Amino acid sequence: MRVVVLGGTSGIGLAIAESCAANGDEVLVTGRDPEKLQAVSEKVAVAEAVDGRSEEDVRDFFARHGRFDHLVLALSGAGGGGALRDLKLDDLRDAFEGKFFPHLLAAQASLDTIAEDGSITFITAVSAQAALPGTAGLAAINGGLERAVPPLAAELAPIRVNAVSPGVIDTPWWSFLPEEQRREQFAAYAEQTPVGRVGRPQDVADAVRYLMGAGFVTGTVLKCEGGLTL
């Protein structure tokens, strides 16, 4: 299989790329950081610089690389979190520009080259389904994407469209917190989950690979959050 992972140079996206490559798939990864792209190209997959916010970049990427089987969208912005009273709307707009619109743009741009029996998988976040204070902005971004999954599955059939909705995953996304505070936060979340730990990037990669191979599953948002929202 030929798999494209947009946003695949670190964290969840990198774990997905590594998992697919280990399975023998041909993997093509995009990102923006030259050092990360170089590291991925040396060890995991073909890697190319693409700005997910740029319509020209994204459409050119798909036009040049031709047919493929599965598209995984792991693009993400860093902002959008925080209490409503203090949330800067410009930051929230930027967060939508970093994730919501790039996901839909890439899905649209892929339609001329994705296989008819292929799949598109969005990586959203469980903030869309939880009620955690300080996550209203994140919930809006990810909730918008998750609500788009069922109608897109109906519209784009037979291409399958799904999403994986991760919970708290130990990735560089959390680097905005000092190390000690991050450990405390993870410990608190671990106590709230039936599985007793926070997630690992490989947990999400396993969920994505399931959806890629599950030919009878479409229009589904698969939670991968250790039971955090139970």
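The values are calculated or read from the model by the stated rules, or taken from the named source; none is laboratory data. Computed from a prediction, not measured in an experiment: that's the story for all the values here. Because the Cβ atoms are built from the backbone with ideal geometry, glycine has one as well, and the counts that use them run over all protein chains shown. Just so you know, the surface numbers come from the protein's heavy atoms only, side chains and all, with ligands and any DNA or RNA stripped out. Shrake-Rupley method; radii C 1.70, N 1.55, O 1.52, S 1.80 Å.
Brief remarks on what is shown
- Excluding same-chain neighbours fewer than eight residues apart, the lysines reachable from K88 by a Cα-Cα span under 28 Å are K99.
- Entry comment: accessible area of the chain is 49 Å² per residue, from protein heavy atoms only and a probe of 1.4 Å.
- Using every pair of distinct Cα positions in segment 79-118, the Kirkwood expression returns a hydrodynamic radius of 12.0 angstrom.
- Cross-link partners of K223 among aspartates and glutamates (Cα-Cα below 17 Å; sequence separation of 8 or more within a chain): E146, D170, D203, D206
- Choice from K99, K88, K36 with maximal GNM fluctuation in the chain (Cα, 10 Å cutoff): K88
- With every protein chain in place and a 1.4 angstrom probe, the accessible-area ranking of Y189, Y210, largest first, reads Y210, Y189.
- Overall dimensions of segment 88-215, expressed as equivalent-ellipsoid semi-axes from the Cα gyration tensor (√(5λ), whole Å, largest first), are 28, 19, 12.
- Inter-probe distance in nm under a simple model that places probes 7 Å from Cα toward Cβ, at A83 and E48: 4.6 nm
- Once the Cα-Cα distance is subtracted from the 0.36 nm per residue extended length, the R183 to V195 segment shows a gain of 2.6 nm.
- GNM flexibility winner over the chain from F122, F100, F216 (Cα, springs under 10 Å): F216
- Label assignment, volume of the Cα convex hull per residue in Å³ derived from the structure, set (1) 143; (2) 134; (3) 124: (3)
- With bins 10 Å wide beginning at 0, the percent of Cα pairs of segment 20-119 falling in each bin runs 14, 40, 31, 12, 3.
- Comparing D69, D206, D33 in a Gaussian network model of the chain (Cα springs below 10 Å), the most mobile by mean-square fluctuation is D33.
- Overall, the accessible surface of the chain at a probe of 1.4 angstrom is composed of carbon and sulfur to the extent of 52 percent.
- For the pair segment 1-77 / segment 209-230, the C-alpha centres are spaced 21 Å from each other.
- For Q129, net neighbour charge (Lys/Arg +1, Asp/Glu -1) across residues whose Cβ lies under 9 Å away: -1
- For segment 181-222, alpha-carbon Rg relative to the globular expectation (2.2 N^0.38 Å, N residues): 1.54
- Beyond 22 Å, the tail of the calculated P(r) for segment 60-138 holds 36 percent of the Cα pairs.
- Placing pseudo-labels 7 Å out from each Cα toward the beta carbon at A63 and S41 gives an inter-label distance of 2.2 nm.
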